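Peer 1: Let me give you the structure first, and then I'll get to my questions.
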Amino acid sequence: MLKSNSSHYQDFTHLDQWLYYLENLHSTEIDLGLDRVGKVAQRLAIDLSFAKVITVAGTNGKGTTCAFMENALLNAKIAGAKQSVAVYSSPHMQRFNERLRINKQDIEDQALMAAFEQIEAARGEISLSYYEYTTLAALLVLMDVKPSFIILEVGLGGRLDATNIIDADIAVITTIDLDHQAFLGNDRESIGFEKAGIMRQEQDIVIGDSNVPKSVLAHAHALHALHGERLFLRELAFVVTGEKTSWQWQSKQTLLTALKTPFIPRDNVATALMVLEKLEIPLSADFVNQIISITKVAGRTELIPQKNHCDVILDVGHNPQATRYLADYLKQLKEQANYENIYAVVAMLGDKDISGCLQSLKDVVDYWYAGALSVPRAASKETMQSKLAMFTNATNCFDNVDEAFRMANKQASSSDLILVFGSFFTVAQIRAQLTIC
């Protein structure tokens, strides 16, 4: 066993102590690459070959696609028995433990701490980022639990993300659009190349983007993945038709009709269904509607009623593709629920396309309440104000997002809707103040 770089980790008795240590262990918050994490994984003999592994990449829709597959796998009876299902995702909303759940239960502190101790003893001279360290911990826990299915949500990109040290049975790409350009490139072709890096030979590949970048298809073809054999593309291998209130999904093998409106984006349900078919999960309209009815994800168009006051909708959308979807969703919701006005509470990170995100919603939001987050990468209130001033005068800016929400809540009436969006940090901060029924 290799010597640890920490002389005091044996004294850690709480998970928070470990997490503080990991946050300050590596010099760079985001440090893509598989060399460091791969070497430590070898020392730890990481091996998930006991399970069916699905790796999910994409600009948007990863979390909701994973959640739908998770619920379907947990409720499907395969060979007369129910299966155990694990999901690893990031970031978390309230508690770190949310990042790894086994059969819908967040992992316990002690299991994580035991894994951290193994990594600390094995890594020796190798410095690991917070995300690399915690990904290895999740993989160690999974080796101990040995679930039937493991769903790995890529953190950033794909090719150089720590989850990509695992050779999955199925690679999934949800959508491809502009986000994290500093790390992934400035156009869809460059970003597509990074996300396509999760693909492997002799592996099923499911792509939910209906306008696939050439870089993704080129990578798939280089792996000899032919359409209809191992490559399953939206609009070719599976299609969605019909109205949102009653729609149908069709592949070459399956036709599902009279499907209900999901709480998550319909496109992500469609992608998940193709994966489930490749996993040979029996699909019927009744079964799919059952899973649609139970699949909700915190912070993704999450509607929360406030007692004796207006509703609040939370959404972690932080890039233009996500906010365009959010704008369409809000237009329909406003019409259905007869909301009078929409008050938007927004705080974002400074390295995001703030203008693009805000302008996607300019025709649906009536009043804007902008704040600043208390994290290093946060956009200042002055930045938020200047971006909003490009298209509206109905703006109020505050030193922090808590104050922005408090004032929006004070001004809104019971017939209005408050939208909170812009970042996981924004949603997590406000969600912690609301009573979730």
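The values are calculated or read from the model by the stated rules, or taken from the named source; none is laboratory data. Just so it is clear, the structure is predicted and the values come from calculations on it, not from any experiment. Methodologically, a virtual Cβ is constructed for each residue, glycine included, from the backbone with ideal geometry; neighbour enumeration extends over all protein chains shown. When the accessible area is computed, the model is the full protein with side chains, heavy atoms only, and any ligands, DNA or RNA have been set aside. Shrake-Rupley method; radii C 1.70, N 1.55, O 1.52, S 1.80 Å.
Peer 1: Considering only residues that are open to solvent by 40 Å² or more (accessible area, probe 1.4 Å) and under 19 Å from the mean Cα position of the chain (by Cα), look in the range 325-343 and name the one that is nearest to residue 186 (Cα to Cα).
Peer 2: 325
Peer 1: Please name all residue pairs, on different chains or six or more residues apart, with Cβ atoms under 6 Å, provided the first residue is in the range 183-212 and is closer than 19 Å to residue 151 by Cβ and the second residue is acidic (Asp, Glu) and in a loop (DSSP other than H, G, I, E, B).
Peer 2: Final answer for the pair search is 200/167.
Peer 1: So in the range 293-305, with the set limited to residues that are among the hydrophobic types (A, V, I, L, M, F, W, C) and assigned to a loop (DSSP other than H, G, I, E, B), which one is farthest from residue 69 (Cα to Cα)?
Peer 2: So the first thing to find is which residues in the range 293-305 are among the hydrophobic types (A, V, I, L, M, F, W, C), and the list is 294, 297-298, 303-304.
Subsequent filtering for residues that are assigned to a loop (DSSP other than H, G, I, E, B) retains 297-298.
Values: 297: 12, 298: 16 Å.
Going through the qualifying residues, I end up with 298.
Peer 1: Across the range 413-437, what is the number of residues that are within 25 Å of the chain's Cα centre (by Cα), not in a helix (DSSP H, G or I) and not small (Gly, Ala, Ser)?
Peer 2: Of the residues in the range 413-437, the ones within 25 Å of the chain's Cα centre (by Cα) are 417-437.
Adding the requirement that they be not in a helix (DSSP H, G or I) leaves 417-423, 432-437.
Then drop every residue that is not not small (Gly, Ala, Ser), which leaves 417-421, 433-437.
Count: 10.
Peer 1: Then there is this: Taking interchain pairs and intrachain pairs at least six residues apart, which have beta carbon atoms under 9 angstrom, with the first residue in the range 1-20 and among the polar types (S, T, N, Q) and the second surrounded by fewer than 12 Cβ atoms within 10 Å (Cβ to Cβ) and modelled with pLDDT under 75?
Peer 2: 4/10
Peer 1: How many residues are open to solvent by 60 Å² or more (accessible area, probe 1.4 Å) and either under 17 Å from the mean Cα position of the chain (by Cα) or not aliphatic (A, V, I, L, M) (or both) if we restrict to the range 179-224?
Peer 2: Matching residues across the range 179-224 total 13.
Peer 1: I've got another one for you. Counting only residues that are touching a residue at least 12 places away in the same chain (Cβ under 8 Å), in contact with a strand residue (DSSP E or B) (Cβ under 9 Å, 6 or more places away or on another chain) and hydrophobic (A, V, I, L, M, F, W, C), which one in the range 240-268 is farthest from residue 153 (Cα to Cα)?
Peer 2: 258
Peer 1: Among the residues of the range 254-275, is there at least one that is touching a Leu at 6+ places or on another chain (Cβ under 8 Å), farther than 22 Å from residue 74 by Cα, surrounded by 13 or more Cβ atoms within 10 Å (Cβ to Cβ) and not small (Gly, Ala, Ser)?
Peer 2: No, the range 254-275 has no match at all.
Peer 1: Would you mind stating whether residue 107 is among the hydrophobic types (A, V, I, L, M, F, W, C), without any contact (Cβ under 8 Å) to a residue 40 or more places away in the chain and surrounded by 16 or more Cβ atoms within 10 Å (Cβ to Cβ)?
Peer 2: Yes, satisfied.
Peer 1: Just give me the residues in the range 279-303 being crowded, with 20+ Cβ neighbours inside 10 Å and basic (Lys, Arg), in sequence order.
Peer 2: The answer is 300, and nothing else.
Peer 1: Taking the range 138-161, which residues are touching a Lys or Arg at 6+ places or on another chain (Cβ under 9 Å) and under 14 Å from residue 99 (Cβ atoms)?
Peer 2: Once the filter is applied, which keeps residues that are touching a Lys or Arg at 6+ places or on another chain (Cβ under 9 Å) and under 14 Å from residue 99 (Cβ atoms), the range 138-161 yields 138, 150, 153, 154.
For (1) of a type outside the set (Ser, Thr, Tyr); (2) open to solvent by less than 10 Å² (accessible area, probe 1.4 Å); (3) without any contact (Cβ under 8 Å) to a residue 12 or more places away in the chain; (4) under 17 Å from residue 89 (Cα atoms), each residue gets a yes or a no:
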position: 119; (1), (2), (3), (4): yes, yes, no, no
position: 131; (1), (2), (3), (4): no, no, no, yes
position: 136; (1), (2), (3), (4): yes, yes, no, yes
position: 140; (1), (2), (3), (4): yes, no, no, yes
position: 147; (1), (2), (3), (4): yes, yes, no, yes
position: 154; (1), (2), (3), (4): yes, yes, no, yes
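Peer 1: If a residue has to be among the acidic types (Asp, Glu) and touching a residue at least 12 places away in the same chain (Cβ under 8 Å) to count, how many in the range 213-230 make the cut?
Peer 2: Selection size over the range 213-230: 0.
Peer 1: Just one of 202, 189 is among the charged types (D, E, K, R), in contact with a Pro (Cβ under 9 Å, 6 or more places away or on another chain) and either at pLDDT below 95 or not in a loop (DSSP other than H, G, I, E, B) (or both); which is it?
Peer 2: Within the list 202, 189, the selection yields 189.
Peer 1: Moving to a separate point now. Is it fair to say residue 392 is in contact with a strand residue (DSSP E or B) (Cβ under 7 Å, 6 or more places away or on another chain), surrounded by fewer than 24 Cβ atoms within 10 Å (Cβ to Cβ) and more than 30 Å from residue 99 (Cα to Cα)?
Peer 2: It is true that residue 392 is in contact with a strand residue (DSSP E or B) (Cβ under 7 Å, 6 or more places away or on another chain), surrounded by fewer than 24 Cβ atoms within 10 Å (Cβ to Cβ) and more than 30 Å from residue 99 (Cα to Cα).
Peer 1: For residue 352, which of the numbered conditions (1) touching a Phe, Trp or Tyr at 6+ places or on another chain (Cβ under 8 Å); (2) of a type in the set (D, E, K, R); (3) open to solvent by less than 30 Å² (accessible area, probe 1.4 Å) fails to hold?
Peer 2: (1)
Peer 1: Could you grab me the full set of residues in the range 14-30 that are open to solvent by 90 Å² or more (accessible area, probe 1.4 Å), modelled with pLDDT under 95 and not in a helix (DSSP H, G or I)?
Peer 2: Within the range 14-30, 24, 27, 29 qualify.
Peer 1: Another one. Select, from 322, 379, the only residue that is crowded, with 20+ Cβ neighbours inside 10 Å and in contact (Cβ under 8 Å) with a residue 60 or more places away in the chain. Write out each step before concluding.
Peer 2: On the way: 379 fails: in contact (Cβ under 8 Å) with a residue 60 or more places away in the chain.
Just a single option satisfies the conditions, and that option is 322.
Peer 1: Which one is farthest from residue 416 (Cα to Cα), of the residues in the range 305-316 that are open to solvent by 10 Å² or more (accessible area, probe 1.4 Å) and touching a helix residue (DSSP H, G or I) at 6+ places or on another chain (Cβ under 9 Å)? Write out each step before concluding.
Peer 2: Taking the range 305-316 first, the residues open to solvent by 10 Å² or more (accessible area, probe 1.4 Å) are 305-309, 311, 315-316.
Then keep just the ones that are touching a helix residue (DSSP H, G or I) at 6+ places or on another chain (Cβ under 9 Å); that gives 306, 309, 311, 315-316.
Numbers: 306: 11, 309: 9, 311: 7, 315: 17, 316: 20 Å.
Of everything passing the filter in the range 305-316, 316 is farthest from residue 416 (Cα to Cα).
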